[in-house]
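Colleague: Got a structure for you, written out below as structure tokens; questions coming shortly.
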Amino acid sequence: MEERKIKKMDDNEMEECDMGSDEDYYNDPDPDVTHTDNDKDPESFEYKILEVVEVEMLLNTSVETMCKTIDVSPSLAKLLLHNYSWNTQKIEAEYRQNPEQLLINGKIKPSKIAKGVSRKNECIVCAQEVDTLLGVECRHRFCETCWCQHFEVQILNGVSTAIGCMGTDCTVLMPEDFVLSILRCRNQSKLSQQYQELTFRSYVSNHPELLYCPGPNCTAVIQAKAKEAKRVDCKKCKTTFCFKCGIDYHAPADCDTIKKWLIKCADDSETANYISAHTKDCPKCQVCIEKDGGCNHMKCKKCGHDFCWMCLGDWSAHGSEYYECSKYKENPNIANESEHAQAREALKKYLFYFERWANHDNSLRKEKDKMKEIAKQIEEKVTTKDGTWIDWQYLNKAGELLRRCRYTLQYTYPYAYYMLKGARKELFEYQQAQLESAVEALSYDIERAVLDSRGDIENKMDVVEKRRLTLVREFLVT
Amino acid sequence: MAGGLPRRIIKETQRLMAEPVPGIKAVPDEGNARYFHVIVEGPAESPFEGGTFKLELFLPEEYPMSAPKVRFMTKIYHPNIDKLGRICLDILKDKWSPALQIRTVLLSIQALLSAPNPDDPLENDVAEQWKVNEAQAIATAKQWTKMYATRG
């Protein structure tokens, strides 16, 4: 839907501007700026990075609303919301239909009320006579000591919101205030804190608008309207990930494809690594070369031969229309050949895509050093009066753009691997090749930048980003 | 939980000795009151009929907040019991409730012998055989009962 809208806006941009009346302009809740941003970037996604306190506030707001709508304690409201994945509308709808059933489904009330189980004041778990037996809605009653031990065992096993009643076959879950009050009575402050941390994590992971940043030791929580496969950049720990599946951002591939691909890589990559290794020989003089960054245009230091790192072909054949070697030419006779040959062909196909995927991954890793290098380069140039600091800032931007494009390119390979043969795949691989060649051209220029190459580089930056967006816009599944 | 044996375990043991479950004998070890030597008779009209099966039952430190650990010591051909004698039974895992007892656990194990459940297998080969050729599986189970679970 959005894709189509964007295209239309592009074509009729002028018209759209003329048509919008002043009234529309002022009444539109989204200012025009956001619209144009959306047009530019199909990957744009609105999200907020929240601190723990802010998340607590957000959850509490839902709890408060729930308490008002269906007259329950905050603790029960929390349990209910958690069991309904914080879907207040669904809870309200079910409440209107059958309030009793809602409490049963929400695991607050039991489906069948327990008979008076206990004789006098004996706790059936520890078989001791006690003054008071405690319990919740289901009327299963046990002593404070047993409840506390039960909670301790569960919490130490990492269970929090799912702690159940001790009664046999009882479906009721223990509300937060009951657990906390027992732990407080028994002076279990450490356990209590652990319980609160666990429940909080559990609430966040069940909330459709929230996701923990997957960055190591990062405590940030991301909030967005819906779990879409969109790009999130954590400002705290600089991790980039997908809001739907929480692993590395993967456009244009979707969550399932990338999951499949990563599993496949984990299985096969050792072999692939072994086969492709880290070095290649110069196709002319056979000297062994290790590539430690930069673009795919290689110039052999020994014999001066120009060649492409990916296909080891002559570089002169690559410069013009498109970057030939990103196309995998499938053998049309594959179906007729033996099983063994097919297996080899399948491995070859996988290795083709894997090598390119790993190559970009590798380049991306090197890109971090590259950014530092660029900064150093700029500093040197400025100190030697070769332009001002401002003059060179475009190089930083170019480096950042290069990183983004390589990132997208990396994820085009798993996408293409799982694509069926046909016109659409051809179009995809054409656009991919276009992007590859633009990226290589830019990478080459950045390495050799001089003061008057700014215009040229900025031109190439524009081309590269346009090609990236064309590809993403056409193939990104939302 | 430190110190002597919890009252709950003492009471359960006393009751097991005073009113034993028909077909089941559970005796605590002389040196360890948390370790029980169990003998279960193969239920009538099951492939295990006529056999006596030795089991071990251990009450962990957290008992009754955690389930007892039970294992068959006698070799048995059953889809829910593996080579090492480990048992696939819901109340020994996620369905455990502190209100359950040693007695209820042993009754459930006896019931499992009467009604093997090949749809929730622990021992895949046995379960497969049970599904594909039930008559053959029952014959094997009877044979194993004779070979490994008959005294003398």
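Colleague: Do we find that A:I155 is within 14 Å of chain B (Cβ to nearest Cβ) and within 38 Å of the chain's Cα centre (by Cα) in this structure?
Modeller: yes
Colleague: I'm trying to understand the selection: among the residues of segment A:387-417, which are in a helix (DSSP H, G or I), open to solvent by 30 Å² or more (accessible area, probe 1.4 Å), of a type outside the set (D, E, K, R) and without any contact (Cβ under 8 Å) to a residue 60 or more places away in the chain?
Modeller: The answer is A:W389, A:I390, A:Q393, A:N396.
Colleague: Grab the helices (runs of 4 or more DSSP H) fully contained in segment A:48-152, keeping just those with 3 or more residues being away from chain B (no Cβ under 14 Å) and of a type in the set (V, I, T).
Modeller: A:52-69
Colleague: Select, from B:V27, B:V40, the only residue that is part of a strand (DSSP E or B) and surrounded by fewer than 16 Cβ atoms within 10 Å (Cβ to Cβ).
Modeller: B:V27
Colleague: Kindly establish whether A:P208 is touching a Lys or Arg at 6+ places or on another chain (Cβ under 9 Å), at pLDDT 90 or above and loosely packed, with under 14 Cβ neighbours inside 10 Å.
Modeller: In short, yes.
Colleague: Here is a list of conditions, (1) surrounded by 15 or more Cβ atoms within 10 Å (Cβ to Cβ); (2) among the hydroxyl-bearing types (S, T, Y); (3) out of contact with any Lys or Arg (no Cβ under 7 Å at 6 or more places or on another chain), and A:T384 meets all of them except one; can you say which number that is?
Modeller: (1)
Colleague: Test of understanding: among A:Q154, A:Q196, A:Q128, which residue is out of contact with any helix residue (DSSP H, G or I) (no Cβ under 7 Å at 6 or more places or on another chain) and more than 30 Å from A:Q89 (Cβ to Cβ)?
Modeller: Step by step, each of A:Q154, A:Q196, A:Q128 is checked, and only A:Q154 is out of contact with any helix residue (DSSP H, G or I) (no Cβ under 7 Å at 6 or more places or on another chain) and more than 30 Å from A:Q89 (Cβ to Cβ).
Colleague: Can you tell me which residues in segment A:165-187 are in contact (Cβ under 8 Å) with a residue 24 or more places away in the chain, assigned to a loop (DSSP other than H, G, I, E, B) and within 14 Å of chain B (Cβ to nearest Cβ)?
Modeller: Passing the criteria: A:C165, A:M166, A:G167, A:C170, A:T171, A:V172, A:M174, A:R186.
Colleague: Considering segment A:455-471 alone, what residues qualify as being crowded, with 17+ Cβ neighbours inside 10 Å and over 17 Å from A:S437 (Cβ atoms)?
Modeller: Answer for segment A:455-471, where residues must be crowded, with 17+ Cβ neighbours inside 10 Å and over 17 Å from A:S437 (Cβ atoms): there is none.
Colleague: State all residues of segment A:58-116 that are among the β-branched types (V, I, T), under 14 Å from A:Y203 (Cβ atoms) and open to solvent by 50 Å² or more (accessible area, probe 1.4 Å); if no residue qualifies, say none.
Modeller: The one that is among the β-branched types (V, I, T), under 14 Å from A:Y203 (Cβ atoms) and open to solvent by 50 Å² or more (accessible area, probe 1.4 Å): A:T61.
Colleague: Still on this structure, please answer the following. Among A:E447, A:E436, which is within 18 Å of A:A253 (Cβ to Cβ) and not hydrophobic (A, V, I, L, M, F, W, C)?
Modeller: A:E436
Colleague: Of the residues that make up segment A:189-198, is at least one within 14 Å of chain B (Cβ to nearest Cβ) and surrounded by 17 or more Cβ atoms within 10 Å (Cβ to Cβ)?
Modeller: yes
The values are calculated or read from the model by the stated rules, or taken from the named source; none is laboratory data. This one's a predicted model, so the numbers in the text were calculated from it and none came from an experiment. Please note: Cβ atoms are built from the backbone with ideal geometry, for glycine as well, and neighbour counts cover all protein chains shown. Heads up: the accessible areas ignore ligands, DNA and RNA and are worked out on the full protein's heavy atoms, side chains in. Shrake-Rupley method; radii C 1.70, N 1.55, O 1.52, S 1.80 Å.
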